[in-house]
1. Leaving ligands and nucleic acids out of the surface, order Asp48, Asp24, Asp149 by accessible area at 1.4 Å, largest first.
2. Report, in debye and to the nearest 20, how large the dipole of segment 106-156 comes out about its Cα centre when Lys and Arg carry +1 and Asp and Glu carry -1 on their Cβ.
3. Using the Cα centre as the reference, give the magnitude of the dipole from point charges on the C-beta atoms of the chain (Lys, Arg: +1; Asp, Glu: -1; all else neutral), rounded to the nearest 20 debye.
4. Protein chains only, probe 1.4 Å: how do Tyr90, Tyr140, Tyr17 rank by accessible area, largest first?
5. Using Cα centres only, tell me the gap between segment 62-85 and segment 106-156 in whole Å.
6. How many percent of the accessible area of segment 31-156 is carbon or sulfur, using a 1.4 Å probe?
7. What residue among Glu13, Glu37, Glu145 has the largest mean-square fluctuation in a Gaussian network model of the chain, using Cα springs under 10 Å?
8. Taking only Cα atoms and a 10 Å spring cutoff, compute GNM fluctuations for the chain and point out the largest among Ala73, Ala127, Ala23.
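The values are calculated or read from the model by the stated rules, or taken from the named source; none is laboratory data. Values in this document were obtained by computation on a predicted structure and should not be read as measured data. Reconstructed Cβ throughout: ideal geometry from the backbone, glycine too, with neighbour counts over all protein chains shown. Each accessible area value is taken on the protein alone, full model and side chains, heavy atoms only, with ligands, DNA and RNA left out. Shrake-Rupley method; radii C 1.70, N 1.55, O 1.52, S 1.80 Å.
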Amino acid sequence: KTFSERTGVRTFEAAAYLKRQGADTGDVKEYFKSDIESYKKQIDMISDAEIIRKSNAVSVWRESSFDGIKLIAAKAADEMLNLNEIECSYVIFPEGDAIHISARSDIHGNVQRDMERLGGGGHRNAAGAQIQGMDIEQVYNMLIEILNDPEREEQD
């Protein structure tokens, strides 16, 4: 995240150490590049997002699963946090026999709490859930119900 989140003295000390040891930022950037097809799928996920209660972006990937879908969904959720006023983002997608949610939040949101309500977990800024026995529309409706819960905002 280019030192924009969760960075402190130790983060910069670690970066300085790695640089002194010969770490190359160009090599790191190469490592995180995507191929064009993966990037197009990420853009498709973002372009289908809807805004819920002004600060939540929700995208649903209704097409079949593909290799690397978890990583691409996570990248799409990360990218949606760059939209104005978005504090939390969610990408719902099928994989195997489960429906997955990749969730991200900025310093103002808390996706861990939302994902725990769906049986998942993670951290305040990065969390997820895997839900079995439901279809994608049922999972979507459950998430929307959580996001529209008036008590949710009181918990922040």
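1. From most accessible down to least: Asp48, Asp24, Asp149.
2. Magnitude of the dipole: close to 240 debye.
3. It works out to roughly 680 debye.
4. Ranking Tyr90, Tyr140, Tyr17 by accessible area, largest first, yields Tyr17, Tyr140, Tyr90.
5. Taking the Cα centre of each part, segment 62-85 and segment 106-156 sit 16 Å apart.
6. Within segment 31-156, the accessible surface is 46 percent carbon and sulfur.
7. Glu13
8. Looking only at Ala73, Ala127, Ala23, the biggest GNM fluctuation is shown by Ala23.
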